[in-house]
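Let me give you the structure first, and then I'll get to my questions.
The values are calculated or read from the model by the stated rules, or taken from the named source; none is laboratory data. Bear in mind the structure is a predicted one, so any value in this text is a computation, not a measurement. Don't worry about glycine lacking a Cβ; one is built from the backbone with ideal geometry, like all the others, and counts go over all protein chains shown. Ligands, DNA and RNA are excluded from the accessible area calculation, which covers all protein heavy atoms including side chains. Shrake-Rupley method; radii C 1.70, N 1.55, O 1.52, S 1.80 Å.
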Amino acid sequence: MNVKIAVVASGPLIAGEIASIIQSIISESIVIQTYLTCDITDSSIADIYVCAQTQIKSLSQVVPREKIVLLDLMPNSKFFISIARIPKNEIVHIFNNHLEYAAILSDYCKNLGIINVEFVPIAYREMPQEDVFMQLQKAKYIIGVDRFVGEGGLLSPTYSTHLQKDVVIIPATRAASVHSACVLIQCIANKIHCHIADAAEKIKADLQSDSPLSEADLKKLKLEAKHLAISSNKAMDIIQNAVTKSVLNNISSDTALFAPYSNRLDINLLANQPIDNFLEMIMDSNRTLHLIAEKLAKL
């Protein structure tokens, strides 16, 4: 159960968003820490590293690719419906820290058939500040990730003074896409299974040892088996609930419409087995643990 997850992002706003999304899916018993990409110097601080597409290139230079999970963050349907209601031929500004995600967000809209407006990016980390202010001053419609267009970003004193009084701001509340959430859940399930299986094998080896076990040794093994069986049951609940939550959290349009970006998830590389396979392995370990516990109880 001691799975450590490192959420890595270019800034604290997105790191916090990703961490909150993951926490809404999995149990609080799994440790999640947030880091800036520039702070990651090796791969020893966590079992799984989670990032968005914009950080994969930098992160993979210091962390093995098999330890990285790309979490594809999708705005919910309410966001796209609001944009679709913007009058034809209007200019819609996308407020974000990087140009890359602004382009991804505009492509999401176009793939959903929102093609009657023009999308203009405002990337405040990559554009001269004067240009950012100039674009904000003439913007009638501004869209973007809620963390960026809220009080920590667009509505902060730095930018809010440059906005028109009647500007329409449309925030995107995001959730992990079902397929990328499942990749993360599979990785977590695999780590949990390995921990449970190794612990169960150690208990079996101790029981099969040629050296006679003292009463204290037997008592210790009974306690270990009991605790491990509880952890195994809890692990199955975590994985099963996580799958359900990942679907419920993703109240968005048909993910098939976002097919051009499906290859970015590298699903075949990250997850070669369905989640039910991992659940079955955990259940097998669980059954073994209960048999061990029953035998120990009779000693």
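Does D131 count as more than 19 Å from D166 (Cβ to Cβ), open to solvent by 50 Å² or more (accessible area, probe 1.4 Å) and either touching a residue at least 60 places away in the same chain (Cβ under 8 Å) or in contact with an Asp or Glu (Cβ under 8 Å, 6 or more places away or on another chain) (or both)?
It is false that D131 is more than 19 Å from D166 (Cβ to Cβ), open to solvent by 50 Å² or more (accessible area, probe 1.4 Å) and either touching a residue at least 60 places away in the same chain (Cβ under 8 Å) or in contact with an Asp or Glu (Cβ under 8 Å, 6 or more places away or on another chain) (or both).
Hey, among K67, K78, which residue is of a type in the set (K, R) and within 20 Å of the chain's Cα centre (by Cα)?
On the way: K78 fails: within 20 Å of the chain's Cα centre (by Cα).
Among K67, K78, only K67 is of a type in the set (K, R) and within 20 Å of the chain's Cα centre (by Cα).
Output the strands (runs of 3 or more DSSP E) that fall wholly within the range 1-96 and possess 3 or more residues being within 20 Å of I185 (Cα to Cα), at pLDDT 90 or above and open to solvent by less than 50 Å² (accessible area, probe 1.4 Å), or say none.
4-9, 48-51, 68-70
Next question. Filter the range 36-84 for residues that are in contact with a strand residue (DSSP E or B) (Cβ under 9 Å, 6 or more places away or on another chain) and acidic (D, E); which is farthest from C194 (Cα to Cα)?
Within the range 36-84, the match that is farthest from C194 (Cα to Cα) is D39.
If you don't mind, another one. Residues to consider are A175, A200; find the one that is open to solvent by less than 30 Å² (accessible area, probe 1.4 Å) and touching a strand residue (DSSP E or B) at 6+ places or on another chain (Cβ under 7 Å). Reasoning before the result, please.
On the way: A200 fails: touching a strand residue (DSSP E or B) at 6+ places or on another chain (Cβ under 7 Å).
Matching residue, one of A175, A200: A175.
Still on this structure, please answer the following. Within the set of pairs 6 or more residues apart or between chains, which connect a residue that is touching a residue at least 40 places away in the same chain (Cβ under 8 Å) inside the range 33-52 to a residue that is open to solvent by 10 Å² or more (accessible area, probe 1.4 Å) and outside any helix (DSSP H, G or I) with Cβ atoms less than 6 Å apart?
A46/K4; D47/K4
From the list R85, R125, which residue is of a type outside the set (A, V, I, L, M, F, W, C) and in contact (Cβ under 8 Å) with a residue 24 or more places away in the chain? Before you say what the answer is, go through the steps one by one.
On the way: R85 fails: in contact (Cβ under 8 Å) with a residue 24 or more places away in the chain.
So the residue among R85, R125 that is of a type outside the set (A, V, I, L, M, F, W, C) and in contact (Cβ under 8 Å) with a residue 24 or more places away in the chain is R125.
Specify the residue that is most open to solvent (accessible area, probe 1.4 Å); the eligible residues are those in the range 147-158 that are without any contact (Cβ under 8 Å) to a residue 40 or more places away in the chain and not in a loop (DSSP other than H, G, I, E, B). If you could, list the steps in order and put the result at the bottom.
Of the range 147-158, the ones without any contact (Cβ under 8 Å) to a residue 40 or more places away in the chain are 150-151, 155-158.
Remaining after also requiring not in a loop (DSSP other than H, G, I, E, B): 157-158.
Details: P157: 108, T158: 68 Å².
It comes out as P157.
Tally time: how many residues in the range 208-223 are open to solvent by 60 Å² or more (accessible area, probe 1.4 Å) and either outside any loop (DSSP other than H, G, I, E, B) or closer than 26 Å to K4 by Cβ (or both)?
7
Identify the residue in the range 97-120 that is outside any helix (DSSP H, G or I) and under 25 Å from the mean Cα position of the chain (by Cα) and, among all such residues, is farthest from L154 (Cα to Cα). Walk me through it before giving the result.
Start the filter on the range 97-120 by keeping residues that are outside any helix (DSSP H, G or I), which leaves 97-98, 112-120.
Filter again for under 25 Å from the mean Cα position of the chain (by Cα), leaving 97-98, 112.
On the way: N97: 11, H98: 14, L112: 26 Å.
The selected residue is L112.
When the residues of the range 104-125 are filtered to those that are of a type outside the set (V, I, T) and loosely packed, with under 15 Cβ neighbours inside 10 Å, which remaining residue is nearest to V167 (Cα to Cα)?
Initial filter on the range 104-125 (of a type outside the set (V, I, T)): 105-113, 116, 118-119, 121, 123-125.
Now drop any that are not loosely packed, with under 15 Cβ neighbours inside 10 Å, which leaves 107, 110, 113, 116, 118, 125.
Values: D107: 23, K110: 22, G113: 24, N116: 19, E118: 16, R125: 22 Å.
So the residue we want is E118.
May I pose another question? When you check Q137 against the structure, is it farther than 29 Å from M74 by Cβ and touching a residue at least 24 places away in the same chain (Cβ under 8 Å), yes or no? Walk me through how you get there before you give the answer.
Numbers: farther than 29 Å from M74 by Cβ: yes; touching a residue at least 24 places away in the same chain (Cβ under 8 Å): yes.
Taking the combined requirement at face value, the residue satisfies it.
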